[in-house]
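None of the figures in this text is laboratory data; all of them are computed from the coordinates on show. Since the model is a prediction, treat every value here as computed from it, not as a measurement. Ideal geometry is used to build each Cβ from the backbone, glycine not excepted, and the neighbour counts take in all protein chains shown.
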Amino acid sequence: ILYVNGKQISPDLARKARPNQTLLSFLRDVLRLTGSKLGCAEGGCGACTVMISRFEKSNTASSNDEGTNDDNDGGAIKHYAVNACLM
């Protein structure tokens, strides 16, 4: 399941991702989201930075480190800033 900007991406559109394609290319070329840019193509300038979130299940719901939110299902949503031109 893939969500971008809070909206689920259809499986047909998600299948257009190629193994040799960067996340930046998929966002810009397939989804037509052009806010992230290709700057240095090495991840140093930050123009391609995006946030990736994932739900991580845990056995106990407790307070978490910065960047996480408690979830009622005993897990947390973790957020990561990544360089889309490198992924």
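Summary of computed values
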| read-out | value |
| --- | --- |
| Integer Hz, Karplus 6.51/-1.76/1.60 couplings in order for the range 22-30, x for Gly and Pro | 7, 4, 4, 5, 5, 4, 7, 7, 8 |
| Virtual spin-label span in nm between Val82 and Tyr3, 7 Å along Cα→Cβ | 1.6 |
| Net charge over other residues, Cβ less than 15 angstrom from the Cβ of Ala14 (K, R count +1; D, E count -1) | +3 |
| Within straight-line cross-link reach of Lys16, lysines at Cα separation under 22 Å, skipping those fewer than 8 residues along the same chain | Lys7, Lys37 |
